Amino acid sequence: MIERFAKFVRDTQVWQSLFRHGYPDNDRNQSLIMFSSVLLHLHPVKIKRSALRFRYTMCLGGMSAFMFLLLTFTGIFLMFYYVPDTRQAYHNIKDLTSNVFMGGLMRDLHKWSAEAMVFLVWAHMFRVFMTGSYKAPREFNWVIGVLLLTFTLLLSWTGYLLPWDQLALWAITVGTKMAEATPFIGYAGPWGQQLGMRVDNDIRFLLIGGTVVGQNALLRFYVLHCVALPVLITAGMVVHFWRIRKDGFSGPL
Amino acid sequence: MSERHTTENIYPRNQKKSYALMELVKGQGFQVRKQPEDTVFVWPHLLYIELIAALVFLAGLLWVCTFKHAPLEDMASADTTPNPMKAPWYFLGLQELLVFFDPWLAGVVLPSLIIVGLMAIPYVDINPKGVGYWAWKERKFAIWTFIFGFIQWWIFIIIGVFFRGLDWAWYWPWDDWHKHKSASGASLNDMNVILHGWGLDAVAADWLTYLLVIGYFVAFMVLPALLWRSFSRQLGMARYVTVWSLMALLWLSPVKVFLRLGFNIKYFLVTPWFKL
Ligand code: HEM
């Protein structure tokens, strides 16, 4: 009875359009599922048994990617409650921790997975270096990796300003202070003033939209944190994973 | 999975024939033009590992969230400046460098060069050995260099996080972190001033500092070629110059820390445009 009903469902056009093959418990379907699902297609169909060994990758790259997914998920939740306005932002976060259902948990998860991601990406780079996995033909993927590391740090850093508390304001103030020391394009940097840089036209001014960290800086960091950098890092990851497929995984023979 | 027994039954080996049935392999699909291999299907083997790792990690994070909450201090205010002002922990290494270098170096040039230097690694490492396993013996030079830089990054972070208190002074964990430290006894001097104090003419002392700094970089360019001839020849000009200029920069912070702590030197080079 149940069998017949299941068969009826599986034969419907709707089901067939969704699942183009049977349950992946044999070679053919285990291959087909990897081909036909765009997400699974990031993986190869088969891999070397030895590449599975935890000791080799320690799952560090995979967990970095998982952290990014979790951050996207919790981040979208936070965005529903957050307004990047210096008069509101702090109170939004306060409300989130006390008045919003699951708000505190989402914020904590967002915070700790961000810290974990920074750490994991460094650790992943260390693994890739130690196992010589960056050597030809994987040079370019290492370069992509370095970009991903940079984006990860910047993502974390731009997020740091958003709660608009003392920690945030002053951490970003120290950080952006460095920008004014940029050679040539910062007014306090070598050859900056000689080239006509002032407090209100140099690279730091561009970054924070003013001479001090204020409303414009908050809005800029918000847009960078929630839109620009996530888009960049996603693009980077797509290339990164694609290159792993194309260059072949370095795993031991 | 070899089935030697079955293979022998189906097609016994015959010495006189130039061909033979080598092996039968268990499986459900065709194996055309395949070498012997030791592979497994990603579904389910790898996907299970990924799923389990993700769940374990998520559980760990949730557990942390039960007792440690994301910090939230008082609302931002331009009127009260915290002391010390600290960057997020992952940038504290760079902030710590501010003790030793001016912001244009510590905050802009060195971080950029770290990124460039990391990107250069695969292109300057011409040693083909040690791919695909945790290698050590065959890649001593590469690994020492990498670890040297990696450790610097983390040591400066650890100092910034755990040992810097009021006015960015050094605090031990057992010190009273609410009491200001009196300004440290020894005052810092620039190298040209020190050389002048040793009896050198002021202009000559100035020139000497320029020469010493240039000499530092020249030494990194010349000495390796003399010490490791065949290795240098293998590298070729472009890689050689890249490797050793990056190496000179990799040693810059340790050298500066050493000169500061040992000889109270503030800058070793003072030019009208920048100080080093
Ligand atoms: C957002 C950050 C990153 C993510 C999500 C990520 C993800 C991954 C994943 C899932 C793998 C598969 C193997 C493994 O898990 O170890 C991998 C491999 C690799 N990653 Fe990353 N990665 C990131 C950053 C980096 C960085 C910073 C580097 C180096 C500078 C790097 C270089 C590589 C290379 C060369 C491989 C190929 C390794 C091999 O064939 O053994 N990645 N990455």
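The values are calculated or read from the model by the stated rules, or taken from the named source; none is laboratory data. None of the values given here were measured: they were computed from a predicted structure. Neighbour counts run over all protein chains shown; Cβ positions are idealised from the backbone, glycine included.
The number of residues in region A:114-139 being assigned to a helix (DSSP H, G or I) and basic (K, R) comes to 1. Mind listing whichever residues of region A:117-130 are more than 7 Å from chain B (Cβ to nearest Cβ) and more than 10 Å from the ligand (Cβ to nearest atom)? A:F119, the sole residue that qualifies.
Yes/no per residue for (1) touching a strand residue (DSSP E or B) at 6+ places or on another chain (Cβ under 8 Å); (2) modelled with pLDDT of 85 or more; (3) within 28 Å of B:P84 (Cβ to Cβ); (4) among the basic types (K, R):
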| position | (1), (2), (3), (4) |
| --- | --- |
| B:I115 | no, yes, yes, no |
| B:Y123 | no, yes, no, no |
| B:P128 | no, yes, no, no |
| B:G132 | no, no, no, no |
| B:I143 | no, yes, no, no |
| B:I151 | no, yes, yes, no |
| B:P173 | no, yes, yes, no |
| B:W177 | no, yes, yes, no |
| B:S187 | no, no, yes, no |
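Residues that are surrounded by fewer than 16 Cβ atoms within 10 Å (Cβ to Cβ) and closer than 21 Å to A:A188 by Cβ within region A:210-228 comprise A:G210, A:T211, A:V212, A:G214, A:N216, listed in sequence order.
A count restricted to region A:52-71 and to residues that are more than 6 Å from the ligand (Cβ to nearest atom), crowded, with 19+ Cβ neighbours inside 10 Å and modelled with pLDDT under 80 stands at 1. Which of (1) touching a residue at least 60 places away in the same chain (Cβ under 8 Å); (2) in contact with a Gly (Cβ under 9 Å, 6 or more places away or on another chain); (3) within 21 Å of B:K86 (Cα to Cα) does A:L147 not meet, given it meets every other one? That leaves (3) as the condition not met.
Among the conditions (1) crowded, with 16+ Cβ neighbours inside 10 Å; (2) more than 32 Å from the chain's Cα centre (by Cα), B:F220 misses just one, which is (2). With the requirement that a residue be touching a residue at least 40 places away in the same chain (Cβ under 8 Å) and not in a helix (DSSP H, G or I), what does region A:63-92 give you? Scanning region A:63-92 gives A:Y82, A:P84, A:D85, A:T86. Only one of the numbered conditions (1) assigned to a helix (DSSP H, G or I); (2) polar (S, T, N, Q); (3) more than 9 Å from chain A (Cβ to nearest Cβ) is violated by B:N83, and that is (1).
Go through (1) away from the ligand (no atom under 16 Å from the Cβ); (2) within 11 Å of chain B (Cβ to nearest Cβ); (3) farther than 22 Å from A:L218 by Cα and name the single condition A:R87 misses. It is condition (3) that A:R87 fails.
Do we have B:F268 as out of contact with any strand residue (DSSP E or B) (no Cβ under 6 Å at 6 or more places or on another chain) and at pLDDT below 90 here? Yes: the conditions hold for B:F268. The sole residue among A:L148, A:L42, A:L60 that is under 25 Å from A:G251 (Cα atoms) and not assigned by TED's automatic domain parsing to the domain that holds A:V238 is A:L42. Is at least one residue of region A:180-195 within 11 Å of chain B (Cβ to nearest Cβ), farther than 30 Å from B:T271 by Cα and either surrounded by fewer than 15 Cβ atoms within 10 Å (Cβ to Cβ) or away from the ligand (no atom under 16 Å from the Cβ) (or both)? No, because not a single residue in region A:180-195 is within 11 Å of chain B (Cβ to nearest Cβ), farther than 30 Å from B:T271 by Cα and either surrounded by fewer than 15 Cβ atoms within 10 Å (Cβ to Cβ) or away from the ligand (no atom under 16 Å from the Cβ) (or both).
Return yes or no: is A:F77 modelled with pLDDT of 95 or more, of a type outside the set (S, T, Y), within 25 Å of B:C65 (Cα to Cα) and away from the ligand (no atom under 15 Å from the Cβ)? Yes, satisfied.
Checking B:T242 against (1) touching a helix residue (DSSP H, G or I) at 6+ places or on another chain (Cβ under 6 Å); (2) loosely packed, with under 15 Cβ neighbours inside 10 Å; (3) β-branched (V, I, T), which single condition isn't satisfied? Tallying (1) touching a helix residue (DSSP H, G or I) at 6+ places or on another chain (Cβ under 6 Å); (2) loosely packed, with under 15 Cβ neighbours inside 10 Å; (3) β-branched (V, I, T), B:T242 fails exactly one: (2). Within region A:231-244, work out how many residues are near the ligand (Cβ under 10 Å from one of its atoms) and either closer than 16 Å to A:E139 by Cα or within 11 Å of chain B (Cβ to nearest Cβ) (or both). Residues meeting the conditions: 6. Looking at region A:168-180, is at least one residue in a loop (DSSP other than H, G, I, E, B) and in contact with a Phe, Trp or Tyr (Cβ under 7 Å, 6 or more places away or on another chain)? Checking region A:168-180: at least one residue is in a loop (DSSP other than H, G, I, E, B) and in contact with a Phe, Trp or Tyr (Cβ under 7 Å, 6 or more places away or on another chain). Please verify whether A:W164 is surrounded by 19 or more Cβ atoms within 10 Å (Cβ to Cβ), within 7 Å of chain B (Cβ to nearest Cβ) and within 16 Å of the ligand (Cβ to nearest atom), treating the condition exactly as stated. No, not satisfied. Within region A:131-155, the set of residues being more than 7 Å from the ligand (Cβ to nearest atom), within 7 Å of chain B (Cβ to nearest Cβ) and within 19 Å of the chain's Cα centre (by Cα) comprises A:V143, A:T150, A:L153.
Filtered by the rule that a residue be surrounded by fewer than 17 Cβ atoms within 10 Å (Cβ to Cβ) and either of a type in the set (V, I, T) or part of a helix (DSSP H, G or I) (or both), region A:98-113 gives A:S98, A:G104.
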